[in-house]
Each structure stands twice: as structure tokens, then as C-alpha cells.
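I have placed the structure first, in the form of C-alpha cells, so that the comments after it can refer back to it.
The values are calculated or read from the model by the stated rules, or taken from the named source; none is laboratory data. Just so we're clear, the structure is a prediction, and the values are computed from it rather than from any experiment. As a convention, Cβ positions derive from the backbone with ideal geometry for all residues, glycine included, and neighbour counts pool all protein chains shown.
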Amino acid sequence: MKYAYYPGCSLMESAREFDVSVRAVMVRLGAELVEIPDWTCCGASAAEPVSKLMNYALPARNLAIAQDALPGMDILAPCSACYLNLLKVNREVVGERHLHGQVNEVLAASGLTYRGGVPVRHLLDVLLNDVGAGIMAQKVTRSLEGMKLAPYYGCQILRPYAVFDSPGRPTSMEPIIRAMGGEVHEWECGNRCCGASLMVGHRDVALRSVAAILDQAAGADAVVTVCPLCQMNLEAYQGDAVKAGGRRIPVLYLTQIMGLAMGLGESEVQLGKNLTLNAGARRGIETRAWSVTLQAEGAEPGRAAGAEQSIPDQARTGKMNNLNKGGNHV
């Protein structure tokens with residue numbers, strides 16, 4: 001399995017732990033990720049209000065590079081916004097003669113032409129349909145037995161294009177969680193909007209959404225997601241969301257929890273960058289999921305072998321600084 005890897009901007013900054021854990025997990029699963037050379041921002045949600053043509057040309061540039069530099073490879077995009085923007089070019093530009101011509105006119109300034117047809121895949125699609133739950137289960141060395149995880153999908157990976165799952169009742173994370181030995185938290189908020197970039201302009205509206213999601217996660221040991229913006233909203237604003245009726249709960253990337261189940265250390269999946277994963281939450285997760293392994297490794301209580309015991313202050317500060325820059329999520 002070999003994929004043209006498009007990490008996108010967020011995974012290079014505020015969601016660095018997502019990028020690191022995706023790469024590590026895919027290695028464990030026997031997949032090769034070849035980063036698209038000279039990739040650039042896909043426009044996220046910021047380009048469209050400025051220029052419709054720019055909104056298509058930015059992701060089309062990356063598709064054109066992958067088409068020429070990595071022929072025959074599917075593009076794997078972990079970020080939900082990046083996945084949607086890249087996919088949107090194939091769905092809305094290719095085949096529309098006038099628009100396709102305009103986009104290629106822009107790309108011509110860089111010596112590029114996008115002919116169309118480069119498959120764009122989301123991480124969940126690849127894990128479920130290319131790797132499969134059976135292979136993933138074979139890689140588990142520290143079962144998540146005893147852990148209940150709430151799968152949170154957000155909006156963009158299934159709306160408006162329901163490629164590999166149902167937007168009304170998504171389930172693609174469930175076989176993965178079970179393959180890791182975990183239990184799925186049954187809830188109705190897996191596809192509920194987190195407020196997205198409304199957190200910048202209309203924070204009160206977004207906070208109500210976040211609070212409702214966190215409240216419905218009661219009974220779960222952690223929320224797991226595959227969207228950097230969703231993860232940021234659910235994690236960085238938990239303090240304010242609690243005041244609006246939510247509750248505190250760790251919010252992890254799916255690949256972080258997969259990596260831990262596959263024997264990777266905390267530093268290898270960068271748990272130190274998760275703002276909600278304080279020492280108490282870590283001890284709770286460890287006790288439920290892999291306390292036997294920790295005892296066998298001789299780790300201290302509440303500490304995984306070879307890992308940090310508490311969240312480094314610089315990691316917390318760095319993540320919040322990235323957020324305050326207005327960064328890649330908005």
C-alpha cells in the first residue's frame with residue numbers, strides 16, 4: 001500500500017500530533033506514505049469567501065503535482081477540510097469545461113495542468129477499506145479493553161459527499177475502535193457540528209455546540225476524532241464549554257489511540273500536545289486500557305514507560321499560540 005500523502009497546514013502546526021501519529025500508525029500497518037512534493041495550502045475554509053476560483057485553484061495545484069510526480073497513487077488526506085477541498089475539485093471542476101479551463105489557466109503560471117482523475121481518499125476510508133479491521137487487530141499489542149471511546153466525525157468528511165460512510169449515521173470508526181479492543185460509546189453527536197470557525201466570530205454559538213457534544217460524551221473515557229478543527233474546538237475551549245453545560249473529557253486523535261494500542265509510546269504519538277490529557281486523565285486511561293502492560297514494563301503508576309508524566313508547558317503554550325495566530329483552522 002503506497003499513497004501520495006497530503007498533510008495540509010494544520011498537521012504541520014496546531015495538529016502536529018495528528019500528523020506524527022498518522023505516519024507512525026501507517027508504518028505499523030505496512031503502508032508507505034510519500035509526501036506530495038512542494039505541496040501548498042488547500043485554502044481550507046478561508047479561500048472560498050475571497051474567491052471561488054482561488055478556492056478551486058489552490059487544491060487543484062496539489063492534485064496536479066501528485067498527478068505528475070506520483071502517478072498512479074491515491075492521495076491520502078487525514079485533515080477533513082483538506083480532504084473535502086481536494087475532493088471538491090474532482091467533483092465540481094473536472095467535467096465543467098469552462099471552470100476547468102479557468103483553473104488550468106491559473107495553474108499554467110506554475111507550469112501545471114490538472115487533467116483530473118487523481119483519487120482523493122480520507123484516512124478513515126483507507127483504514128477501513130484498504131487495511132481492514134482484521135489486519136489492524138493483528139497489530140494490537142496493548143488492547144484497549146475496558147476503554148469506552150466516543151467516535152466524533154464532524155461535518156466535512158461526509159458532507160456533501162458521502163463517499164465511504166453515511167452522513168446521517170456514520171460508523172466507519174467503530175470497526176477500528178473494536179479492532180483495538182475498545183468499546184464504542186453509543187451517542188447521537190458523532191456527526192453534530194462543533195461550530196467550526198464560528199468559534200472565532202460567534203463564539204457563543206460555537207460554545208453551545210461544543211458543550212452539547214461534550215455533555216453527550218458522558219460515560220466515555222475519551223472522544224476520538226479525525227478532524228483538526230473539531231479536535232481544537234472540543235479541546236481548547238473545554239473550559240468555556242463546561243460553563244455552558246459541557247463536561248471535561250480527553251479529546252484524542254483516532255491515530256493516537258491506535259498507536260498506543262499498537263505498542264507505540266506516548267512520545268511517539270505526541271500525547272504531550274493534547275491539552276485535555278492531564279495526569280489524572282492519563283492515569284484513568286492507563287488503568288482501564290493497559291495497566292497490565294505498564295506493570296510488566298515496570299512503569300511508575302500513572303506513567304507509561306519511557307514517556308512524560310505531565311503535559312509540557314511549552315507544548316500547551318505552543319498549541320495555544322498557533323490557535324491565537326488565527327492559524328490554519330479558520
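Quick look at the values:
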item	result
Qualifying residue in the range 75-85 (condition: outside any helix (DSSP H, G or I), buried (at least 24 other Cβ atoms within 10 Å of the Cβ), touching a Lys or Arg at 6+ places or on another chain (Cβ under 6 Å) and touching a residue at least 24 places away in the same chain (Cβ under 8 Å))	yes
Residues being touching a residue at least 60 places away in the same chain (Cβ under 8 Å) and in contact with a strand residue (DSSP E or B) (Cβ under 7 Å, 6 or more places away or on another chain) - total across the range 86-103	2
The range 169-189 - residue that is of a type in the set (Val, Ile, Thr) and surrounded by fewer than 20 Cβ atoms within 10 Å (Cβ to Cβ) and, of those, farthest from Leu124 (Cα to Cα)	Val184
Every pair of residues 6+ apart whose Cβ atoms lie under 6 Å, when the first sits in the range 131-148 and is within 17 Å of Met26 (Cβ to Cβ) while the second is assigned to a helix (DSSP H, G or I)	Ala133/Pro175; Ala133/Ala179; Met136/Ala179; Ala137/Ala179; Lys139/Arg28; Val140/Ala261
Residue ID - farthest from the chain's Cα centre (by Cα), chosen from residues in the range 94-120 that are surrounded by 23 or more Cβ atoms within 10 Å (Cβ to Cβ) and among the aliphatic types (A, V, I, L, M)	Val103
Val224 touching a Pro at 6+ places or on another chain (Cβ under 9 Å) and not small (Gly, Ala, Ser)	yes
Qualifying residue in the range 53-70 (condition: outside any helix (DSSP H, G or I), touching a residue at least 24 places away in the same chain (Cβ under 8 Å) and closer than 17 Å to Tyr161 by Cβ)	no
Members of the range 232-272 found to be free of Cβ contacts under 8 Å to residues at least 40 places away in the same chain, surrounded by fewer than 24 Cβ atoms within 10 Å (Cβ to Cβ) and among the polar types (S, T, N, Q), listed by number	Gln238
Top-ranked residue of the range 1-12 - restricted to ones that are assigned to a helix (DSSP H, G or I) and among the hydrophobic types (A, V, I, L, M, F, W, C), ranked as surrounded by the most Cβ atoms within 10 Å (Cβ to Cβ)	Leu11
Selected residue (only one of Thr171, Thr225 is at pLDDT 95 or above and touching an Asp or Glu at 6+ places or on another chain (Cβ under 7 Å))	Thr171
Considering residues of the range 217-231 that are over 24 Å from Leu76 (Cα atoms) and in contact (Cβ under 8 Å) with a residue 40 or more places away in the chain only, the residue surrounded by the most Cβ atoms within 10 Å (Cβ to Cβ)	Ala222
Qualifying residue in the range 206-216 (condition: surrounded by fewer than 18 Cβ atoms within 10 Å (Cβ to Cβ), within 17 Å of Gly154 (Cβ to Cβ) and without any contact (Cβ under 8 Å) to a residue 24 or more places away in the chain)	no
Looking only at the range 244-260, and only at residues there that are at pLDDT below 95 and small (Gly, Ala, Ser), the one that is farthest from Ser143 (Cα to Cα)	Ala244
Qualifying residues in the range 16-27 (those that are β-branched (Val, Ile, Thr) and buried (at least 24 other Cβ atoms within 10 Å of the Cβ)) - the one farthest from Leu123 (Cα to Cα)	Val25
Only listed residue being within 16 Å of Pro151 (Cα to Cα) and touching a His at 6+ places or on another chain (Cβ under 7 Å), chosen from Pro228, Pro175	Pro228
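Residue-wise test of (1) surrounded by 21 or more Cβ atoms within 10 Å (Cβ to Cβ); (2) in contact with a strand residue (DSSP E or B) (Cβ under 9 Å, 6 or more places away or on another chain); (3) closer than 18 Å to Val126 by Cβ; (4) in the same structural domain as Leu275 (by TED's automatic domain parsing).
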position	(1), (2), (3), (4)
Ser14	yes, no, no, no
Leu29	no, no, yes, no
Glu35	no, yes, yes, no
Asn55	yes, no, no, no
